[in-house]
1. P(r) of the range 105-171 in 10 Å steps, Cα pairs, percent per bin?
2. Return the percentage of antiparallel bridges among DSSP beta bridges fully within the chain, rounded to the nearest 5 %.
3. Distance check, please: which entries in Lys40/Lys189; Lys42/Lys201; Lys39/Lys136; Lys150/Lys189 exceed 25 angstrom between their Cα atoms?
4. Restricting to DSSP H runs of at least four residues, report the calculated mean residue ellipticity at 222 nm for the chain, -39500 (n - 2.57) per run over all residues, nearest 500 deg cm²/dmol.
5. Taking the Cβ-Cβ separation of Ile234 and Asp116 as r and a Förster radius of 35 Å, what is the calculated FRET efficiency to the nearest 0.05?
6. Where does each of 22-34, 89-101, 122-134 land if you order them by average Cβ count within 10 Å, highest first?
7. Evaluate the relative contact order of the chain (contact order divided by residue number), counting alpha-carbon pairs under 8 angstrom at least 6 apart; express in whole percent.
8. In straight Cα distance, which aspartates and glutamates are under 18 Å from Lys209, not counting same-chain residues fewer than 8 positions off?
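FYI, it's all coordinate maths here, none of it is from the lab. Note that the structure is a prediction, hence the values are computed from the model and not measured. So basically every Cβ, Gly included, is an ideal-geometry build from the backbone, and we count neighbours across all protein chains shown.
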Amino acid sequence: MKVVICIKPVLGKYVDGTREGKTYKMNPYDMFALETILKKRKECGFNFQIVCISMASYSAINVLRQARSMGSDEVILINDPSFSGSDTYATSYILAKAIKKIGDVNFVICGEKTVDGETGQVFWQLTERLNYIGIKGVVEIQQIDNYSIKVVTIEGDKRKTIKCNYPLSISFLGYQPYTELINLRTMRKAMGERIEVLDAKTLDIELSKCGNIGSKTRVLKTKNLFSKREQKIIQGNLEKKVEFIMKSIYQNKEKYEK
C-alpha cells in the first residue's frame, strides 16, 4: 500500500518569526499530517509506504530531508522553471500529474492549509483532478488496512466517524510547528541521500496549464498593511514630551482617522 503526502515549504517568518534570510520550514499543517500518519503506522503495526512530495525550489530541499528523517520512505521534489508563478489551480494540476506518475497510490494526504496562503484550495482541486473521494477535517485515524481507512472528523460542532474505501484524499485538521520524530542518526542519513526530482518533461506537463500562463488567478494590486515601526526617544521634561506627542498626533491626524 502507498500513501502520498503533499508538503509545502514556507518561509521561516511564517512559522517562528525568523526575520532574516530565506530559511524554509515545513508548513505546520503539513507537519501535523505527516507526524500523525507516521505515528499511526508505528502504532498499528501495519506497514505501508509513505511518500512525501513537494513542489518547490531547490533552496527548500531541506524540508524534504526533514520529512525523510522523520520517517517517510521516499521524498520527491517537483521542480521546473515553468512551474514558477503557479496558483492553486495550476499547482493542483502539477501535483496530480506527479501522483499519477508515482502510481498505485491508495490515498493522498494534505494539511488543512498553508500559513503563507491560508486558502486551503489545493486539497479539493487535487481531489477532483484525481477523481478521488475527499474527506476534510480529519483529526484522528482509528483504523487502516489494505482496503479502507476509518477516520474521525470535526466540522463546526459536529464530530463524525467515517469509513471509506480507497482511493481517497484526506485533509487533516491540526497545526504543529515542531516535531520530535527527528534524531541525529536519521538526520545524518537523510542528508546523505539523493532526492529524486521530477520536472515538466518527466511528468508530461502541458506548459499552457502551469506557471503564470496556466493560472486562473491574477494579482492586480498588492498593498502592505503593516508599516515598519520606528523607535524615537523624546528628550526634555514632561511638558516638552507632551508637546511633541500632541504635535505628532496632529501631523498624522488623517492617517489615524483611517
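1. Per 10 Å bin, starting at zero, the Cα-Cα P(r) for the range 105-171 comes out as 21, 52, 26, 2 percent.
2. Antiparallel bridges make up about 40 percent of those DSSP assigns within the chain.
3. Working: Lys40/Lys189 23 Å; Lys42/Lys201 37 Å; Lys39/Lys136 20 Å; Lys150/Lys189 33 Å.
The answer is Lys42/Lys201; Lys150/Lys189.
4. Value at 222 nm, helices only: -9500 deg cm²/dmol.
5. For R0 = 35 Å, the calculated efficiency reads 0.40.
6. Packing proxy ranking, top to bottom: 22-34, 89-101, 122-134.
7. 24 percent
8. Asp80, Asp87, Glu128, Asp199
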